[in-house]
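Chemist: I am attaching a structure below and will ask some questions about it afterwards.
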Amino acid sequence: MARRINLKRDRFLFYVGLVLVLVGGPGLTAGSYAHDSLRVPVGGTAFDAFGWLNQTALGVGVVLLLIGIVFLILGLRGGVLSASELADVKAGGSRT
């Protein structure tokens, strides 16, 4: 039963990591670019400079990207089987 919980946890970590990488990388970069190019007056009007809003978006994006990469790495551990688990799978006795 513990292996099934581990697989669910690993799968959850993988998908959360994938979402964080997608939001942290290109998502916040596109948001920062859209703020400047569309001249949306959210959080100030510094459209020509790399202002505090762009720096904040960049910082949050980098943090989310790094956390997402760590979650992806932790989620990928679920595909590794020990020798006893591999023997169970080959014998047909595994329920995972």
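Derivation of every value follows stated rules applied to the coordinates shown; laboratory data play no part. Source: prediction; values computed, not measured.
Chemist: With the cut-off at 1.5 for a/c, could you classify the range 10-50 from its C-alpha gyration tensor as rounded, prolate or oblate?
Modeler: It is prolate, given that a/c is not under 1.5 and a/b is the larger ratio.
Chemist: How large is ³J(HN,Hα) for each residue in the range 12-17, as worked out from phi by the Karplus curve 6.51 cos²θ - 1.76 cosθ + 1.60 (θ = phi - 60°), to whole Hz, x for Gly and Pro?
Modeler: After applying 6.51 cos²θ - 1.76 cosθ + 1.60, I find 4, 4, 5, 6, 5, x Hz.
Chemist: Applying the Karplus parametrisation 6.51 cos²θ - 1.76 cosθ + 1.60 with θ = phi - 60° to the phi angles of the range 55-66, what ³J(HN,Hα) value in whole Hz is obtained for each residue in order, glycine and proline being reported as x?
Modeler: 5, 5, 4, 5, x, 5, x, 5, 5, 5, 5, 5
Chemist: Using the Karplus curve 6.51 cos²θ - 1.76 cosθ + 1.60 with θ = phi - 60°, work out ³J(HN,Hα) for each residue of the range 86-92 in order, rounded to whole Hz, and write x for Gly and Pro.
Modeler: 5, 5, 5, 5, 5, 7, x
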